[in-house]
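A.B. asks: Once you've had a glance at the structure underneath, I'll fire off some questions.
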Amino acid sequence: MDKQIAVLVPCYNEEQTIYEVVSAFKRVLSDAIVYVYDNNSTDQTAVIAKQAGAIVRHEYRQGKGNVVRSMFRDIKADCYVMVDGDNTYPADVVKEMCRLILEGKADMVIGDRLSSTYFSENKRRFHNFGNDMVRRVINFLWKPKEPIFDVMTGLRVFSPLFVKSFPVLSQGFEVETEMTIHALDNNLLIRSIPVMYRDRPEGSQSKLKTYSDGAKVLLTIFNLFRDYKPLKFFGTLAVLLATVSLILFLPVFSEFLHTGLVPRFPTLIVSVVMMLAAFLSVVCGLILDTNAKNNRKNFEIQMNILKLLLKKRV
């Protein structure tokens with residue numbers, strides 16, 4: 001039985017580039033089905049995509065996360081290629097990416113821009129800084145065996161197991177961060193392949209809002225770290241609180257040993273409260289860590305069931 005490849009293209013106002021994207025991926029993956037999900041475009045994106053040979057569907061909830069949620073729910077395939085509709089990613093590299101998925105050597109293959117041409121091609125310098133910071137933060141917090149080179153890339157290839165097990169929680173561009181952390185935390189196979197990124201053509205506008213979307217991405221990392229690794233999160237908070245508490249308490253205690261008096265009661269009270277908060281943080285971390293471990297156990301069971309269902313479909 002031939003393996004079915006689905007190319008998923010989330011789009012919002014990409015009439016200038018969508019024809020080239022659809023044509024290129026249809027040429028490289030001749031047996032694949034290209035789906036363009038139009039996200040309330042006000043231009044001719046949907047019409048041009050259909051002319052290029054794509055199946056056009058619509059997602060009326062604004063935001064890339066909402067589009068990804070619908071794509072992953074709707075489409076059945078043996079291999080999923082997701083690429084932005086801005087014509088910044090080459091199509092020729094996806095054959096190798098798909099091969100890794102179809103041979104069971106990866107659950108998610110990342111098109112790594114940052115190891116190739118991104119920093120020289122991209123004209124938005126704060127985006128360069130933001131991309132580099134996000135990957136450094138995730139590698140520092142999750143400490144994968146092999147570092148993640150590009151978190152925010154718009155070119156990825158997925159296995160059915162990843163697509164059908166990934167809970168999309170965000171509505172916007174944070175979804176790419178969610179994908180990476182989902183794979184890392186659940187021990188899914190991640191591979192990276194360098195891709196030759198090219199900047200958007202003249203007249204094409206990025207939909208990423210540098211500061212607001214950047215803040216959302218960092219907040220997503222913060223929240224997911226708290227949810228997935230609560231003992232580390234609350235343990236770190238407890239250490240900080242305990243350290244400040246001791247800094248406040250030791251001078252007061254030293255003065256008490258020398259004079260038998262406690263002249264700074266407010267400082268003593270604050271230090272005691274902060275130490276109590278540190279102990280509470282440890283307790284919260286232990287309780288939530290147990291809950292997180294139980295969630296991982298349930299996830300593993302669900303993955304086994306999902307794998308059986310996918311095998312039956314084949």
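The values are calculated or read from the model by the stated rules, or taken from the named source; none is laboratory data. Because the structure is predicted, anything quoted here is derived from the model rather than measured. Neighbour counts are summed over all protein chains in view; Cβ atoms, including those assigned to glycine, are modelled from backbone coordinates with ideal geometry. Each accessible area value is taken on the protein alone, full model and side chains, heavy atoms only, with ligands, DNA and RNA left out. Shrake-Rupley method; radii C 1.70, N 1.55, O 1.52, S 1.80 Å.
A.B. asks: Between a residue in region 44-56 that is farther than 15 Å from R27 by Cα and any residue that is among the charged types (D, E, K, R) and in a helix (DSSP H, G or I), which pairs come within a Cβ distance under 9 Å, given they are 6 or more apart or on different chains?
C.D. replies: Sorted first by the residue in region 44-56, then by its partner, the pairs are V56/K50.
A.B. asks: Pick from region 214-225 the residues that are out of contact with any Gly (no Cβ under 7 Å at 6 or more places or on another chain) and open to solvent by 80 Å² or more (accessible area, probe 1.4 Å): which of them is nearest to N295 (Cα to Cα)?
C.D. replies: Going through the qualifying residues, I end up with F222.
A.B. asks: Go through region 256-294 and give me each residue that's surrounded by fewer than 13 Cβ atoms within 10 Å (Cβ to Cβ) and under 23 Å from the mean Cα position of the chain (by Cα).
C.D. replies: N291, K293, N294
A.B. asks: In a helix (DSSP H, G or I) and in contact (Cβ under 8 Å) with a residue 12 or more places away in the chain, is that true of K312?
C.D. replies: no
A.B. asks: While we're on this one: Could you list all residues from region 24-69 that are part of a loop (DSSP other than H, G, I, E, B) and either among the charged types (D, E, K, R) or in contact with an Asp or Glu (Cβ under 6 Å, 6 or more places away or on another chain) (or both)?
C.D. replies: Selection gives D31, N39, D43, Q44, E59, R61.
A.B. asks: Kindly list, by first and then second residue, each pair from a residue in region 278-300 that is over 23 Å from V244 (Cβ atoms) to a residue that is among the hydrophobic types (A, V, I, L, M, F, W, C), limited to pairs with Cβ atoms under 7 Å and residues at least 6 apart or on different chains.
C.D. replies: Here the result reads D289/L231, each pair linking region 278-300 to a residue that is among the hydrophobic types (A, V, I, L, M, F, W, C).
A.B. asks: One residue is enough: does region 67-89 have a residue meeting the conditions crowded, with 16+ Cβ neighbours inside 10 Å, among the acidic types (D, E) and closer than 17 Å to K207 by Cβ?
C.D. replies: There is at least one residue in region 67-89 that is crowded, with 16+ Cβ neighbours inside 10 Å, among the acidic types (D, E) and closer than 17 Å to K207 by Cβ.
A.B. asks: Here is a follow-up. Which ranges mark the helices (runs of 4 or more DSSP H) fully within region 91-199 that have 3 or more residues being open to solvent by 40 Å² or more (accessible area, probe 1.4 Å), of a type in the set (A, V, I, L, M, F, W, C) and closer than 18 Å to D213 by Cβ?
C.D. replies: In region 91-199, the matching helices (runs of 4 or more DSSP H) lie at 125-142.
A.B. asks: Residues of region 6-64 being surrounded by fewer than 18 Cβ atoms within 10 Å (Cβ to Cβ), of a type in the set (K, R) and under 16 Å from A91 (Cα atoms), which ones?
C.D. replies: R27
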